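Worksheet: one structure, shown below.
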Amino acid sequence: MAYTEDDLEKELATKEYKYGFYTDIESETFPVGLNEDIVRAISKKKEEPEWMTEWRIEAFRYWQTLEEPEWANVHYEKPDFQNISYYSAPSKKPKYDSLDEVDPELLDTFKRLGISIDEQKKLAGVAVDVVMDSVSVTTTFKKTLAEKGIIFCSISEAIKEHPELVKKYIGTVVPKKDNFYAALNSAVFSDGSFCYIPKGVRCPMELSTYFRINQAGTGQFERTLVVADEGSYVSYLEGCTAPSRDENQLHAAVVELIALDDAEIKYSTVQNWYPGNDEGKGGVYNFVTKRGLCEKNAKISWTQVETGSAVTWKYPSCVLKGDNSIGEFYSIAVTNNFQQADTGTKMIHLGKNTKSTIISKGISAGQSQNSYRGLVQINSRAENARNFSQCDSLLMGNKCGAHTFPYIEAKNKSAKVEHEATTSKIGEDQIFYCNQRGIDTEKAIALIVNGFSKEVLNKLPMEFAVEAQKLLEISLEGSVG
Amino acid sequence: MSLKDKLLSSYLTFQENTSFDNSILDIKDQAIKVFETEGFPSKKDENWKYTSLNSVTKPDYSLAATGDDAIEFKDVKQYFLNDIDTFKIVFIDGVYSSYLSETTHDGVDVCLLSSALTKPKFKQVIDVYFNKIAKNESLTALNTAFAKEGAYIYVPKSMAVNKPIQIVHLSTGNEANLMLQPRNLIVAEENAEVQVIERHQSLSSNAVFTNSVTEIYAGKHARVDYYKIQNDKENASLIDNSHIDQQESSEVSVHTFSFGGKLTRNNLNYYQNGEHINSILKGVTIIEDKQHVDHNTLVHHKQPNCESHQDYKGIFDDKSTGVFNGKVVVDAIAQKINAYQSNNNILVSDKASINSKPQLEIFADDVRCSHGCTIGQLDEDALFYMRTRGIGKKEGRALLMYAFANNVLESVKIPQLKARITNLIAEKLGVNIGFDL
């Protein structure tokens with residue numbers, strides 16, 4: 001039988017969340033609720049120095065004065081912040097020295113996630129930091145990296161062992177008072193990854209963090225800080241999954257990237273949090289603040305594949321502070337059933353000759369709502385700034401929606417800004433054209449969808465691109481090439 | 001006392017001095033309540049993010065003026081389109097000026113809203129159309145509450161108005177600060193056709209704040225062309241709220257030429273209530289000094305097989321600021337929609353700025369919606385090419401700007417108006433091109 005667009009739609013609509021298992025690992029979970037004592041307790045638990053505790057408390061006090069923002073084009077039941085546990089950690093052993101010591105059950109979890117640490121270690125040469133229920137459980141390849149002077153560890157370890165670096169950079173790109181969720185994260189973040197690439201070093205392998213929410217009733221608040229010193233290069237991957245649950249879980253992370261002069265950071269995300277069932281029940285609220293700062297001649301490139309979460313609300317941004325710096329944003333967001341995504345980017349041009357590129361592809365199916373929201377701001381001193389934005393949306397079925405909210409602000413006459421957006425479905429004439437050339441409908445659709453998202457898929461590191469394509473759950477037989 | 005308080009407290013007096021029947025008074029009572037709760041929009045409103053009304057609402061405005069009979073036609077002739085025969089509806093300080101106007105009741109009604117609202121013979125039309133298209137948001141509601149005068153144009157089935165209609169609002173500056181709230185109602189029934197040119201002009205440099213509302217109804221197969229010329233003095237602010245209801249196979253085009261004024265805000269809302277509708281929104285903005293022009297458009301596609309075309313060009317010099325906030329909404333049942341939105345801008349000075357926000361909200365899958373937005377400069381190579389051919393730098397720049405704006409000018413259907421606007425642009429750019437485009 002010929003594979004039609006309806007079939008594809010059905011396939012998209014009925015795809016099940018294959019990462020929805022729950023691992024029964026004994027873990028230590030804080031009582032629900034949030035107050036200063038909890039914040040202090042988290043800090044104490046992490047054996048943090050005094051300045052860090054104070055930093056958290058300050059963020060918490062500010063957070064209390066804020067109200068939850070409502071401007072995004074998403075509708076959801078607001079999380080009850082007093083009904084969440086802010087700390088949950090697999091408790092068998094606080095820290096592992098090598099993979100052999102890791103709880104076999106935990107290892108099994110990772111195997112089922114398809115990110116078998118062993119496998120990746122061998123095949124891809126990827127150094128992985130795994131964060132489960134907010135706590136970093138394994139970091140591989142540490143020694144290899146250490147030889148190059150690269151620091152890649154959990155952020156709590158970094159706070160203890162490299163306080164001068166953390167103190168210097170944390171909160172510089174996403175200040176603790178930046179927004180509601182950033183403030184909350186600053187107060188209660190339990191772990192995350194820290195990465196420092198020394199001057200002139202090209203990181204020999206992809207660094208990767210894997211996030212998983214396992215415990216029920218917990219929120220995940222991790223914090224990632226990547227610092228690329230002058231002339232260095234790093235490619236960083238991030239993946240995430242969560243068990244299927246009926247209640248909504250909150251994930252409010254903060255990612256800060258700092259690219260000093262001539263440095264380059266490539267940050268890729270495959271976000272596959274549990275999206276809720278096909279009636280829209282459950283799923284993760286993904287409210288993330290991601291921002292990068294580029295100094296002179298630096299480059300930051302964000303690539304994201306968003307397939308999960310009940311509600312996604314995130315805008316990986318670049319502050320192009322240094323002259324000649326470059327910001328890039330490549331995104332595919334797929335929503336189906338009752339998922340809602342409001343995502344995009346901000347490109348803030350401050351320096352001269354700064355360039356930014358935005359490519360955003362949205363695919364909506366089922367009854368989902370997919371929004372692109374982006375800001376391109378050219379400040380008055382940003383001579384010869386250049387931006388190109390393209391936002392394309394593909395709609396499957398007439399119950400979903402695709403929305404575009406670009407904000408373009410130019411204050412310099414030498415700015416060149418282009419923005420394009422289109423919304424369409426797979427055209428009958430496109431399929432007809434392929435049919436005419438002897439390509440059957442199944443392959444034609446695969447070809448078109450692949451072509452639609454290719455610009456972004458191409459930007460992903462190889463091993464992630466494979467996973468991303470799998471995630472898109474779109475039959476691309478014979479057309480991947 | 002803030003302007004809002006002043007307006008609220010003067011509402012009762014205003015109401016007592018009018019002779020509207022109860023149905024109209026009910027509408028007004030409801031409207032003032034809406035304004036009372038909503039007040040003037042602030043920058044916190046997403047739709048007003050880039051436009052602040054603070055400086056506009058600050059002066060102590062007179063809310064009514066007596067009009068001025070001393071103005072002679074020759075004094076204001078330059079503000080009219082004279083080379084063709086037109087109907088004219090002229091208001092001086094918001095008061096109808098019969099000797100400057102030329103109205104008709106012959107087949108079509110081109111007259112005053114005040115008489116339409118009070119005379120029984122118009123009641124049928126007023127009941128069906130007045131305040132039915134306009135959405136009750138704060139500024140429109142404010143206008144609804146206070147509106148008593150404006151243009152009333154009614155074109156019955158299969159009639160075409162044989163000459164364009166000019167609506168001209170003059171303000172004399174007899175009052176130090178004057179607030180005007182004109183209200184226009186334009187109804188084109190099935191197969192009807194009408195062309196309207198609207199202009200606001202102040203004759204002195206005293207502050208004028210105009211909060212205008214226009215409702216346009218286009219019946220089946222009706223055609224309405226509306227041209228707005230906004231070339232006012234540096235102390236004149238204008239908020240133009242237009243609400244357009246289109247029925248099957250109708251075509252409504254609105255061209256907005258914004259060349260002056262302190263603050264100009266155009267809220268242009270199209271509602272497509274039938275199939276095979278075409279909506280055209282075009283605008284050219286050329287401003288300098290500290291002027292501010294904000295185009296806020298909405299095209300709501302509610303039925304299938306329709307089109308909309310938006311094309312806004314802007315050239316910004318000195319410290320001027322431009323805003324474009326366009327929104328296209330496509331409902332789930334509105335399949336086979338072709339919506340196009342384009343916004344191109346040139347910044348001439350380092351102090352000028354532009355904020356653009358072209359939005360799409362789409363709920364139907366079988367649509368073709370696209371938007372494009374650019375900010376750029378004049379092509380140096382093209383300028384150099386012209387200079388090698390002996391065209392001066394200034395003229396070369398002007399030529400390029402003409403070419404830039406020409407897309408919009410092209411679709412102006414009244415040749416004399418097109419010539420007039422071309423002249424205005426030439427004047428604006430300070431050059432004499434020497435030929436018509």
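Descriptive notes on the structure:
- Top-ranked residue in region A:61-87 [being among the β-branched types (Val, Ile, Thr) and touching a residue at least 60 places away in the same chain (Cβ under 8 Å); ranked as nearest to the other protein chains (Cβ to nearest Cβ)]: A:74
- Leading residue by the ranking (surrounded by the fewest Cβ atoms within 10 Å (Cβ to Cβ)) among those in region A:397-444 that are at the interface with another protein chain (Cβ under 7 Å from one of its Cβ atoms), in a loop (DSSP other than H, G, I, E, B) and at pLDDT 85 or above: A:414
- Qualifying residue in region B:105-118 (condition: more than 27 Å from residue B:199 (Cα to Cα), of a type in the set (A, V, I, L, M, F, W, C), modelled with pLDDT of 85 or more and assigned by TED's automatic domain parsing to the domain that holds residue B:267): no
- Screening residue B:314 against (1) crowded, with 22+ Cβ neighbours inside 10 Å; (2) of a type outside the set (Ser, Thr, Tyr); (3) assigned to a loop (DSSP other than H, G, I, E, B) leaves a single unmet condition, (3).
- Residue selection: residue B:234 fails the criterion of being touching a residue at least 24 places away in the same chain (Cβ under 8 Å), surrounded by fewer than 24 Cβ atoms within 10 Å (Cβ to Cβ) and more than 19 Å from residue B:323 (Cα to Cα).
- Filtered residues of region A:167-192 (kept if crowded, with 24+ Cβ neighbours inside 10 Å and not in a loop (DSSP other than H, G, I, E, B)): A:181, A:182, A:183, A:184, A:185, A:186, A:187, A:188, A:191
- Members of region A:275-327 that are among the aliphatic types (A, V, I, L, M) and at pLDDT 85 or above: A:288, A:293, A:298, A:300, A:311, A:319, A:320, A:326
- Restricting A:238, A:256 to those that are acidic (Asp, Glu) and either at pLDDT 90 or above or in a loop (DSSP other than H, G, I, E, B) (or both) reduces the list to A:256.
- Residue B:289 being surrounded by fewer than 24 Cβ atoms within 10 Å (Cβ to Cβ), more than 9 Å from chain A (Cβ to nearest Cβ) and part of a loop (DSSP other than H, G, I, E, B): yes
- Conditions (1) part of a helix (DSSP H, G or I); (2) at pLDDT 85 or above; number of the one not met by residue B:91: (1)
- Taken over region B:6-16, the criterion of being free of Cβ contacts under 8 Å to residues at least 24 places away in the same chain and either loosely packed, with under 10 Cβ neighbours inside 10 Å or farther than 13 Å from residue B:35 by Cα (or both) is satisfied by B:12, B:13, B:15, B:16.
- Answer from B:328, B:412, B:348, B:367 - the residue that is in contact with a Leu (Cβ under 6 Å, 6 or more places away or on another chain), buried (at least 17 other Cβ atoms within 10 Å of the Cβ) and either modelled with pLDDT of 85 or more or over 28 Å from residue B:263 (Cβ atoms) (or both): B:328
- All strands (runs of 3 or more DSSP E) inside region B:333-429 with 2 or more residues being touching a Pro at 6+ places or on another chain (Cβ under 6 Å), more than 14 Å from chain A (Cβ to nearest Cβ) and more than 17 Å from residue B:322 (Cα to Cα): none
- For the residues B:207, B:192, the requirement of being assigned by TED's automatic domain parsing to the domain that holds residue B:100, surrounded by 24 or more Cβ atoms within 10 Å (Cβ to Cβ), within 30 Å of residue B:39 (Cβ to Cβ) and not β-branched (Val, Ile, Thr) singles out B:207.
- Enumeration of residues in region A:125-154 that are modelled with pLDDT under 85 and among the β-branched types (Val, Ile, Thr): A:126, A:128, A:130, A:131, A:135, A:137, A:138, A:139, A:140, A:144
- Meets criteria (modelled with pLDDT of 85 or more and at the interface with chain A (Cβ under 7 Å from one of its Cβ atoms)) for residue B:315: no
- Across region A:380-396, the qualifying residues are those that are closer than 22 Å to residue A:445 by Cβ and among the aliphatic types (A, V, I, L, M), and the one among them that is nearest to the other protein chains (Cβ to nearest Cβ) is A:395.
- Candidates B:21, B:60, B:83: the one that is surrounded by fewer than 17 Cβ atoms within 10 Å (Cβ to Cβ), under 21 Å from residue B:231 (Cα atoms), of a type outside the set (Val, Ile, Thr) and not assigned by TED's automatic domain parsing to the domain that holds residue B:424 is B:83.
- Residue B:25 vs. criteria out of contact with any helix residue (DSSP H, G or I) (no Cβ under 6 Å at 6 or more places or on another chain) and either modelled with pLDDT of 85 or more or under 18 Å from residue B:185 (Cα atoms) (or both): yes
The values are calculated or read from the model by the stated rules, or taken from the named source; none is laboratory data. Since the model is a prediction, treat every value here as computed from it, not as a measurement. FYI the Cβ positions are ideal-geometry reconstructions off the backbone, even for glycines, and counts take in every protein chain you see.
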